[in-house]
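Input: a single structure, listed below in structure tokens.
Only the coordinates and a few stated rules stand behind these numbers; no lab work does. Everything numeric in this text was worked out from a predicted model, so none of it was measured. Because the Cβ atoms are built from the backbone with ideal geometry, glycine has one as well, and the counts that use them run over all protein chains shown.
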């Protein structure tokens, strides 16, 4: 496990070089690295049939794409009266584009064009579903969950297909969906903007939306537990890490009591 | 003469590109489909696909090989326009509401990202590694240019070199790369690819200088925005650099900041227009145009070369 953490730290240092353009440093926040996604990308590429010396580049590439997508989520929509906020918005637009350009550049250097295409397909799907969630065009809780699955996990699915790996994309899908559902439920409880709040405002359905949402959370909770038991016999350290994370999510967001 | 008349022999192939562009935004998501069609139908000269096709004629021209390059470059251009409109808080483009104005900034980000990803899906149909190295490097450079532009706003201590470097990244690079990739995709010899790259680069620089000039010399109706908007927004362009050679005018220009109003800037614009800066900038644009002609001289005679020559000449003379 220690070795994994050292490698992850090394990847974070590599990413940091891309994030540290002096102008970005001056005006915008450094992208927040999603530690869960970093670990899952790492695990996925470890299993892929690629030369050891290239693995780090692949993880960096996937994380650059993730950071590009996340950075564009920070672009504000309200009128910027403050000059600083306006520059911040402008640079968030450019930073996301810059990270996207870098992913293509790195993969072009190592000449894996199929991987460029796999990631591009995932980016396309993610943006389609981000729009559905954002413009509230999902017609049911199930449709919301379906969009969340794609937004959170399409990169893992497409990379998995590219390298013909099944286990890690499946674990990523179940775990990351569970994580996002917990976060959305938590936001809902705190009365902050969540997909559930938005849907509830729009929906005239008599069904118990919160209850249905919690049922979905619980479904993914049991699924990820089953998957970890079944699939990670040979990676006890990673298994333990994810188990701990699930525990934190479940109890810090109190899904269990309500469910 | 209309620009299109210089390459009328490409009409059929440009139709293929146009259809492919429209089908590339046929997605299951109605909003992306609508925004994509809205963008593509807003017009645009499709000058990048034209450069791709014409450059492809210096090699083994095959529309099936040209198509992914031309379509991808136009989609990348469209994606960057959508994001640029968010950066500039623009409400109109070519007289139509921008995606951010019609929907909002977030939708514009997602639509732009979708188009960019679609472009990469399409261009990766070609497995020529050099094409991807060239394009990906250019895309990174393009972003660096945008970062510089924001960082250099209201910075009046800029050199001519800084200006050229910035407009290279902002405009010239994608035109240069359109020419280079068209040639590469058709298997043209390396020396030809290089000449076409340089042709596109010089044309692009000339084009941007003219664009910067027109910001002073055109009318508000022609520009679709107030005269002198670039300077008001803190963009230091070539006419401004020349105007600042006059010490009196320089003193007035350097006082411009993000609080300056459109009314306050009017007398300065008038003085810049009256100064030699316009003529001096025009001369520089002309010099780049001549350089582009020079690159064409080394290429084989034919309708593609004549078209490239005429397009460059047209760009050099455009009034808006």
- Top-ranked residue in segment A:85-100 [being farther than 15 Å from residue A:31 by Cβ and within 7 Å of another protein chain (Cβ to nearest Cβ); ranked as surrounded by the most Cβ atoms within 10 Å (Cβ to Cβ)]: A:90
- Determine whether residue A:133 is within 19 Å of residue A:55 (Cβ to Cβ) and in a helix (DSSP H, G or I). no
- Task: Evaluate segment A:158-167: report whether one residue or more is assigned to a helix (DSSP H, G or I) and more than 22 Å from residue A:64 (Cβ to Cβ).
- Result: yes
- Query: Right, residue A:128: more than 23 Å from residue B:141 (Cα to Cα), more than 7 Å from chain B (Cβ to nearest Cβ) and part of a helix (DSSP H, G or I) or not?
  - Reply: no
- Query: How many residues are surrounded by 12 or more Cβ atoms within 10 Å (Cβ to Cβ) and within 15 Å of residue A:91 (Cβ to Cβ) if we restrict to segment A:1-27?
  - Reply: 6
- Message: So, in segment B:96-129, exactly how many residues are in contact with a helix residue (DSSP H, G or I) (Cβ under 6 Å, 6 or more places away or on another chain), over 20 Å from residue A:86 (Cα atoms) and part of a helix (DSSP H, G or I)?
- Response: 12
- Message: I'm trying to understand the selection: among the residues of segment B:71-111, which are under 18 Å from residue B:48 (Cα atoms) and within 8 Å of chain A (Cβ to nearest Cβ)?
- Response: B:80
- Query: Somewhere in segment A:224-238, is a residue on the phi < 0 side of the Ramachandran plot and buried (at least 22 other Cβ atoms within 10 Å of the Cβ)?
  - Reply: yes
- Which members of segment B:217-237 meet the condition of being in a helix (DSSP H, G or I) and buried (at least 23 other Cβ atoms within 10 Å of the Cβ)? B:231
- Message: Can you find a residue that is assigned to a helix (DSSP H, G or I) and within 19 Å of the chain's Cα centre (by Cα) anywhere in segment B:86-94?
- Response: yes
- Message: Could you check segment A:73-84 and list, in sequence order, the residues that are out of contact with any helix residue (DSSP H, G or I) (no Cβ under 7 Å at 6 or more places or on another chain) and within 21 Å of residue B:148 (Cβ to Cβ)?
- Response: A:83, A:84
